[in-house]
Structures are given as structure tokens and as C-alpha cells.
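Colleague: Take a look at the following structure, please.
The values are calculated or read from the model by the stated rules, or taken from the named source; none is laboratory data. None of these values were measured; they are calculated from a predicted model. When we count neighbours, we look across all protein chains shown, and the Cβ atoms used for this are built from the backbone with ideal geometry, even at glycine.
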Amino acid sequence: MRSQSSDRLQAALTARFLKPAIAALREMFFEIRAETDLALGRRGEARYRRPYPYGWCLEITQDVMERLRARMAREPRSAGERAMKLFLLNGGQVQRRWGVLREQFFQNALAAGALYIDVSNDTVDIRKPKVEILPMGEAGLAPVRDAAHYAGIAQSYWGCAVYANTALPSFAPLLPIILVDRSWRIQLHSKNEYMTQLLRSDGFRRSEQWLRGGTEPPAAVVRALREACPSDILALNLETGVDAAVEACRRLRVVPTTVDEACSADVFQPALGCPHVLAA
């Protein structure tokens, strides 16, 4: 989290270098996005039954960020590049942000100082412009609060059924949510960097709260999920149910190094792969 003095510096640099060049910055990001579409569009498979770019906000944002870095490493060739390079040379920061946009869907975007730069603005509604630039305070991008908040947005955005992960309790602290989409794909969510840090930050109490209050998965979902798991995963999850899932949270809370060892050894990976299909 940035300090207030850092926020003031970023705001001042934004006012000095970026805001006077908004039109040029917009033109630059549209150019970069066109390059990204050429690169990703060729392999952009459909997601949630919709063609590229629907659902590709992470990959598009990451690709644009890399292309922006490459442009900043050379001599500026446009007014937008000059403004951005001056901003960075004077201490400005550009970072990728992820969160809930206007309480409607998950979104990845760039935070350039005090500006919100969404370079994947059309990945939910293709009729929207590909790039949107707004003051950060007007963008409506908010952090996910807890597992229940994540589950609620996932349910409405992706049209999935959501359940508490009481089927594979050993993974419940970091992956407390089961999603089942309309094609009967079953997934565990969500081990992205933000959610991992959020759930770990209070000793998995947010996970525990969701596991206690969330809807338990139907027997058919539990069976399909477990049948898709290899024997070594099942050996770690001999018991199912709320009590076993809550106990897994408490166990990691008591011995916090256990989760670090598990993550570094990719113990979670076989059952994870977000969005890895565990049952079809």
C-alpha cells in the first residue's frame, strides 16, 4: 500500500505530465492495443461461449504492459510516449491493478499515477471502446473484500453456481470457492496473487467465514470433483464437509509456515489451475 506522501507525489506527477497529454496517451494505448490484438487474437479461443476478446482482460493488460515497457526503453516516437517517459523518469509509477469494477465484474487495468487506464475495456462488452482513461477516483475499481464478495461477483458475472469448498478441505483455506458453470465445468477459486494475500492476511478467517456460511455443494458436484482428482490429492482429503474445511483453515493459522511451504512446492497446483477444468 502506498503512503500518503507517495500518493501526493503520484498525483502531482500525473497533473504535470499525464493530464495535459490525455489525448496523446489515449492514441498511444490504442496503438499498443492494436498490436496486442494481432498477437493474441490469433490464438484467442472463446471463453464462456463468447469469442476473443471477451474474458481476456488479464492477458491483454499484461501484453500491453510489456509493450509499454519496450516503448519506454527506446527513444520516444510520439507525444504520448514522451509524456509517459517523462512521468516515469521523474518517479511516476505504472502498475497493474485487479479488482471489482462498479460492483459488476472483475477487471484488470493499469494505474498510471492517479490515472485509471483500462486497456481491455471491451472484454465484457465489445461495443465499448478498447481503451478508457479516467481519474482513478472516478473509475469505480474496488478491491475484493472477502471470499463472499468474490463469490457473489463470480456468480453474477460468469453466470456460475457458487459453493463453499467442503469437497476438498485441504485446499479450502486458499481455494474456498467452487464454481460450476453452465457447461458443468467445476473449478476451484481463486489463487490469484491478490486473493492469496487477502485470504492469508487474517489467518484464513475470511475463508473460514465463507466456508461456514456458503452453500455446500450438491453431492453430484462433490462426486464429480473428487473423481477428477488423482489418488494423492484424495489421500489428503479423506474427509469432506464444513468441519474438515474449517479445521484446515485453523491448522494453517496455527502453523503459518505450512502454507508458505505448500505454495512454494506447488502442492496446491494439481487441484488448482485457475481456471483448470476439474470435471467435465
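Colleague: Which residues, taken from the stretch 91-106, are surrounded by fewer than 18 Cβ atoms within 10 Å (Cβ to Cβ), in contact (Cβ under 8 Å) with a residue 40 or more places away in the chain and farther than 19 Å from residue 59 by Cβ?
Modeller: 91, 93, 103, 104 - these are the residues of the stretch 91-106 that are surrounded by fewer than 18 Cβ atoms within 10 Å (Cβ to Cβ), in contact (Cβ under 8 Å) with a residue 40 or more places away in the chain and farther than 19 Å from residue 59 by Cβ.
Table: residues versus (1) among the hydrophobic types (A, V, I, L, M, F, W, C); (2) farther than 22 Å from residue 208 by Cβ; (3) touching a residue at least 12 places away in the same chain (Cβ under 8 Å).
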{"site": "89", "(1), (2), (3)": "yes, yes, no"}
{"site": "108", "(1), (2), (3)": "no, yes, yes"}
{"site": "115", "(1), (2), (3)": "yes, yes, yes"}
{"site": "131", "(1), (2), (3)": "yes, yes, yes"}
{"site": "139", "(1), (2), (3)": "yes, yes, yes"}
{"site": "143", "(1), (2), (3)": "no, no, yes"}
{"site": "147", "(1), (2), (3)": "yes, no, yes"}
{"site": "169", "(1), (2), (3)": "no, no, yes"}
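Colleague: A follow-up question, please. Looking at 12, 39, can you tell me which residue is under 18 Å from residue 116 (Cα atoms) and surrounded by 12 or more Cβ atoms within 10 Å (Cβ to Cβ)?
Modeller: Details: 39 fails: under 18 Å from residue 116 (Cα atoms).
The unique qualifying residue is 12.
Colleague: Here's something else I'd like to know. Do you know which residues across the stretch 115-161 are farther than 20 Å from residue 47 by Cα and of a type in the set (A, V, I, L, M)?
Modeller: 115, 117, 131, 133, 134, 136, 139, 141, 142, 144, 147, 148
Colleague: When you scan the stretch 38-131 for strands (runs of 3 or more DSSP E) that lie fully inside it, which ones turn up with 3 or more residues that are in the same structural domain as residue 185 (by TED's automatic domain parsing) and closer than 29 Å to residue 158 by Cβ? Please lay out each step first, then the result.
Modeller: Numbers: elements: 94-101, 105-112, 115-118.
Qualifying strands (runs of 3 or more DSSP E): none found.
Colleague: Now for a separate question. Condition test on residue 193, is it modelled with pLDDT under 95, surrounded by fewer than 22 Cβ atoms within 10 Å (Cβ to Cβ) and either within 19 Å of residue 98 (Cβ to Cβ) or of a type outside the set (Ser, Thr, Tyr) (or both)?
Modeller: Details: modelled with pLDDT under 95: yes; surrounded by fewer than 22 Cβ atoms within 10 Å (Cβ to Cβ): yes; either within 19 Å of residue 98 (Cβ to Cβ) or of a type outside the set (Ser, Thr, Tyr) (or both): yes.
When the stated conditions are applied, residue 193 passes them.
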